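Heads up, the thing below is written out as structure tokens.
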Amino acid sequence: MLTNLQQQPADALLALIKLHNQDPRADKIDLGVGVYRTGQGDTPVFGAVKEAEKRLVATQTSKAYLGPEGDMGFVEALMPYVFGKANPTMDGRIEGMQTPGGTGSLRLALAIVRKAQVAKVWMGVPSWPNHAQICADLGLAMQTFDHDDADGSANMDALRTAITEADEGDCFLLHGCCHNPTGIDYSNEEWDEIASLIAGKKLLPLLDLAYQGLGAGMEEDAYGVRKVLASVPEAIIAYSCDKNFGLYRDRTGALYVMMAEAAQLPLAMSNGHALARANWSQPPDHGAAAARIVMEDAALTAQWLGELDMMRDRMRQVRERLAAAGKVGGVDLTPIGKQRGLFSIIPFTPEQVQAMRAKHGIYFAGSGRINIAGLTMGNIDQFIAAVADVTG
Ligand code: LMR
């Protein structure tokens, strides 16, 4: 029976890890999957997380099940960072649950959207490829609009038109910060407008926040999410700790739901719990427990936020260095300087992407998305020279 299956392509982004590993050249560069790298090219465990893990191992007395909601101490400790210290539950209208990474959270969020019989999911493209993959797997109808303009800024006209064309009750998927794959974020003024347009049209916002702290700062990066939540009765937030706690393979994330009234939360969360049970039963504990220990301890929290500051500063330096190169061969690197987070897109043709791999040993997504953190002061000139060579 199983030969009835149809062959599936390997995930293009994850396949890059293997392609890069197989390349024997010593000076190869990996700008593929989104992991942070230091100036030495490593992806170390955060110092604060390492210390939290030691304490976890020393004090944990049981690994008995916690339930589909996972570690609620973790879920609640994260809320002031996401929703603001002043009113982290929005008067008791927000509740959350732990999920296996941001993908687990998006899967639950979109499964809830489907169960709620939402007709369509709108998203700006390009988007993170897994957004569309999850929608397609769930059989959700999708509508797309252009996220970016040719000049490397957000295409607000396309977004306004999309909101005009959307039907009341449609889901509108937005990247909270550090847009993946373009690095093109909305300004605060643009978020103000988006929040009021979404509220006016009675859309259901789904906010994907996977890079908080990697853009302009933990508080700054939450502006859009908080603005939208302050304007609408209901929203879903998919959160990932993969990047801002460096917990990637420990699969640490959370799903939050905001309802119009606190009394409606059990309805929403019962669906989240039931869907989790049917998918993975319960999320993996280790990463969430370590992140909770960090957030519960003032000294570890300060260490964690300091580590995040360092990551952000390093990526800012790389962006400035690329932008300063200006026009390189046939492409303009200047817009990269004003973009944010781990990613930017360089408009390579498919042939140029292949030439960067084959001739120069430089690996990045077929869309032309580069991981800014894969560049260091040691390899950035080599990268710029290769861009000049293949696009010139
Ligand atoms: C990425 O876009 O590279 C990351 O979010 C990792 C992933 O799971 O795709």
Original post:
Any residue at all in the range 254-261 that is buried (at least 21 other Cβ atoms within 10 Å of the Cβ), away from the ligand (no atom under 16 Å from the Cβ) and over 15 Å from A111 (Cα atoms)?
Top reply: yes
Original post:
Yes or no: M356 aliphatic (A, V, I, L, M) and within 16 Å of the ligand (Cβ to nearest atom)?
Top reply: no
Original post:
Counting only residues that are under 17 Å from D332 (Cα atoms) and either hydrophobic (A, V, I, L, M, F, W, C) or in contact with a Cys (Cβ under 9 Å, 6 or more places away or on another chain) (or both), how many does the range 345-364 have?
Top reply: 5
Original post:
Residues of the range 318-332 being in a helix (DSSP H, G or I) and in contact (Cβ under 8 Å) with a residue 40 or more places away in the chain, which ones?
Top reply: V318, R319, R321, L322, A325
**OP:** State which residue is nearest to the ligand (Cβ to nearest atom) when the search covers only the range 1-44 and only residues that are among the aliphatic types (A, V, I, L, M), within 24 Å of N379 (Cα to Cα) and without any contact (Cβ under 8 Å) to a residue 40 or more places away in the chain.
**Re:** L14
**OP:** Kindly check whether there is at least one residue in the range 159-171 that is under 30 Å from G217 (Cα atoms), within 16 Å of the ligand (Cβ to nearest atom) and buried (at least 16 other Cβ atoms within 10 Å of the Cβ).
**Re:** no
**OP:** Output the qualifying pairs, or none if there are none: Cβ atoms under 9 angstrom, residues six or more apart or on different chains, first residue in the range 116-132 and over 15 Å from A235 (Cα atoms) and modelled with pLDDT under 95, second residue more than 16 Å from the ligand (Cβ to nearest atom) and not aliphatic (A, V, I, L, M).
**Re:** A119/D167; A119/G169; A119/D170; A119/C171
Original post:
Here is a list of conditions, (1) under 25 Å from the mean Cα position of the chain (by Cα); (2) surrounded by fewer than 17 Cβ atoms within 10 Å (Cβ to Cβ), and K359 meets all of them except one; can you say which number that is?
Top reply: (1)
Subject >> Pairs where the first residue, in the range 270-298, is touching a residue at least 12 places away in the same chain (Cβ under 8 Å) and the second is basic (K, R), C-beta under 6 Å, 6+ apart >> reply: N271/K115; P284/R251; I293/R55
Original post:
Would you call M123 assigned by TED's automatic domain parsing to the domain that holds H175 and crowded, with 19+ Cβ neighbours inside 10 Å?
Top reply: yes
Subject >> One residue from T182, T164, T144 being of a type in the set (S, T, Y), in a helix (DSSP H, G or I) and either over 28 Å from Y248 (Cα atoms) or in the same structural domain as A278 (by TED's automatic domain parsing) (or both) >> reply: T164
**OP:** Inspect the range 65-77 for any residue being out of contact with any Asp or Glu (no Cβ under 6 Å at 6 or more places or on another chain), modelled with pLDDT of 95 or more and either within 15 Å of the ligand (Cβ to nearest atom) or polar (S, T, N, Q) (or both) and give the result as yes or no.
**Re:** no
Original post:
Which of the residues spanning the range 365-383 are buried (at least 18 other Cβ atoms within 10 Å of the Cβ), in contact with a Lys or Arg (Cβ under 9 Å, 6 or more places away or on another chain) and under 19 Å from D332 (Cβ atoms)?
Top reply: I372, L375
Subject >> Among (1) assigned by TED's automatic domain parsing to the domain that holds Y223; (2) within 16 Å of the ligand (Cβ to nearest atom); (3) more than 23 Å from N130 (Cα to Cα), the one test that G92 misses >> reply: (2)
Subject >> Unique match (being over 23 Å from Q264 (Cβ atoms), in contact (Cβ under 8 Å) with a residue 24 or more places away in the chain and among the acidic types (D, E)) among D91, D148, D137 >> reply: D148
**OP:** Determine which single condition Q133 fails, assuming it passes every other condition in (1) assigned to a helix (DSSP H, G or I); (2) away from the ligand (no atom under 15 Å from the Cβ).
**Re:** (2)
Original post:
Among G84, G101, which is the only one that is within 16 Å of the ligand (Cβ to nearest atom), closer than 22 Å to L308 by Cα and among the small types (G, A, S)?
Top reply: G101
Original post:
Which members of the range 80-119 meet the condition of being surrounded by fewer than 21 Cβ atoms within 10 Å (Cβ to Cβ) and in contact with a Cys (Cβ under 7 Å, 6 or more places away or on another chain)?
Top reply: V118
**OP:** Considering only the range 266-292, state which residues are aliphatic (A, V, I, L, M) and within 14 Å of C241 (Cα to Cα).
**Re:** A288, A289, A290, A291
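The values are calculated or read from the model by the stated rules, or taken from the named source; none is laboratory data. As the structure is a prediction and not an experimental result, all values here were calculated from the model. Cβ atoms come from the backbone with ideal geometry, glycine included; neighbour counts cover every protein chain shown.
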